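Peer 1: What follows is a single structure, and I will ask about it in a moment.
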Amino acid sequence: MKEKILYVSDRPTMGADMLVKALGDSFEIMQVRSGDEVEHVPGIVLVNLAGLESSERVKSFTGAKVFILGNQQEVDGSDIKGAGAFVRPFNASEIRAKLSALSENTGEVQRTLLLVDDDAVMIRTLREGLSTSYKVLPANSGANALKILSRAKPDLILLDYEMPDMNGPQILEALRGDANTANIPVMFLTAKTDNESIAKIDALKPQGHMLKTLPLKDIKAIIQNFFDGK
């Protein structure tokens, strides 16, 4: 029996519809509109952002892994927090492989990452790469990160060390000063490689740090090793 995918789309669009049609070879596709009642939500949901009338019902699909489909502007402007993203032009073979790998692990508890970085490209790259294994909550500033933490408790925070207005060390200090966030593990993201900078990071005693220039597979391995060691 094929794994089911819920496809939420309010109007036909060539790119997203062709992708979903291609996925029909491997999955059973259930298509609905954003306002439709859904009796059973499968483990994977695809949301076509083009012409989407409302995202409120999608936001209630807390037990599913949600992926948004659209161009870069639509994805960056989406208010569906924690969703994975597939950006046009879509690579059907690559997306099929990612969803197939994800469907094999739908019985496992999915961990949540809070990704804090003022670099939109870094956020997009890591969110796309990590969302097949984790629920990723993106934040482009310290203020946005603290707002998210007021209503969600991630399993790990990936925190940019250098940011304007409120930098990584200041955010970490705020987290440790609040009983609700003091015990959330933090790993710093940094572009610094010199000994002095690394010593300053280590002095703050985070759960770890990683270079932004690392290949995605190495970043994923570091995160997985952290969770495996808990």
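The values are calculated or read from the model by the stated rules, or taken from the named source; none is laboratory data. This is a predicted model, so every value here is computed, not measured. Ideal geometry is used to build each Cβ from the backbone, glycine not excepted, and the neighbour counts take in all protein chains shown.
Peer 1: Could you identify the single residue in 37, 28 that is more than 21 Å from residue 127 (Cβ to Cβ) and touching a helix residue (DSSP H, G or I) at 6+ places or on another chain (Cβ under 9 Å)?
Peer 2: The match here is 37.
Peer 1: It is to be established whether one or more residues within the range 109-125 are in contact (Cβ under 8 Å) with a residue 24 or more places away in the chain, more than 30 Å from residue 206 (Cβ to Cβ) and either surrounded by fewer than 18 Cβ atoms within 10 Å (Cβ to Cβ) or over 16 Å from the mean Cα position of the chain (by Cα) (or both). Spell out the reasoning first.
Peer 2: As a first pass, look at the range 109-125 and keep what is in contact (Cβ under 8 Å) with a residue 24 or more places away in the chain: 110-120, 122, 124-125.
Still in the list and also more than 30 Å from residue 206 (Cβ to Cβ): none.
Looking through the range 109-125, none of the residues is in contact (Cβ under 8 Å) with a residue 24 or more places away in the chain, more than 30 Å from residue 206 (Cβ to Cβ) and either surrounded by fewer than 18 Cβ atoms within 10 Å (Cβ to Cβ) or over 16 Å from the mean Cα position of the chain (by Cα) (or both).
Peer 1: Could I ask something else about it? Looking at residue 145 and the list (1) crowded, with 17+ Cβ neighbours inside 10 Å; (2) in contact with a Gly (Cβ under 7 Å, 6 or more places away or on another chain), which single condition is not satisfied?
Peer 2: (2)
Here is a yes/no grid of residues against (1) under 26 Å from residue 224 (Cβ atoms); (2) surrounded by 11 or more Cβ atoms within 10 Å (Cβ to Cβ); (3) modelled with pLDDT of 90 or more:
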site: 165; (1), (2), (3): no, no, no
site: 168; (1), (2), (3): yes, yes, yes
site: 172; (1), (2), (3): yes, yes, yes
site: 175; (1), (2), (3): yes, yes, yes
site: 178; (1), (2), (3): no, yes, yes
site: 186; (1), (2), (3): yes, yes, yes
site: 191; (1), (2), (3): yes, yes, no
site: 196; (1), (2), (3): no, no, no
site: 200; (1), (2), (3): no, yes, no
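Peer 1: Okay, next question. What tally of residues in the range 1-53 results from selecting those that are in a helix (DSSP H, G or I) and surrounded by fewer than 19 Cβ atoms within 10 Å (Cβ to Cβ)?
Peer 2: 6
Peer 1: Then there's this: Is it the case, given these coordinates, that residue 68 is in the same structural domain as residue 10 (by TED's automatic domain parsing), part of a loop (DSSP other than H, G, I, E, B) and either crowded, with 18+ Cβ neighbours inside 10 Å or modelled with pLDDT of 90 or more (or both)?
Peer 2: Taking the combined requirement at face value, the residue does not satisfy it.
Peer 1: With part of a helix (DSSP H, G or I) and small (Gly, Ala, Ser) as the only criterion, which of 174, 179 stands out?
Peer 2: Testing whether each residue is part of a helix (DSSP H, G or I) and small (Gly, Ala, Ser) leaves just 174.
Peer 1: Given the options 74, 128, name the one that is outside the structural domain of residue 179 (by TED's automatic domain parsing) and closer than 18 Å to residue 16 by Cβ. Break it down into steps so the answer makes sense when it comes.
Peer 2: Values: 128 fails: outside the structural domain of residue 179 (by TED's automatic domain parsing).
From the options 74, 128, the qualifying one is 74.
Peer 1: Residue check: is residue 204 closer than 29 Å to residue 76 by Cα, of a type in the set (A, V, I, L, M, F, W, C) and not assigned by TED's automatic domain parsing to the domain that holds residue 45?
Peer 2: Values: closer than 29 Å to residue 76 by Cα: no; of a type in the set (A, V, I, L, M, F, W, C): yes; not assigned by TED's automatic domain parsing to the domain that holds residue 45: yes.
For residue 204, the condition - closer than 29 Å to residue 76 by Cα, of a type in the set (A, V, I, L, M, F, W, C) and not assigned by TED's automatic domain parsing to the domain that holds residue 45 - is not met.
Peer 1: Moving on to the next point. Consider residue 213 carefully, then state whether it is among the polar types (S, T, N, Q) and surrounded by 15 or more Cβ atoms within 10 Å (Cβ to Cβ).
Peer 2: no
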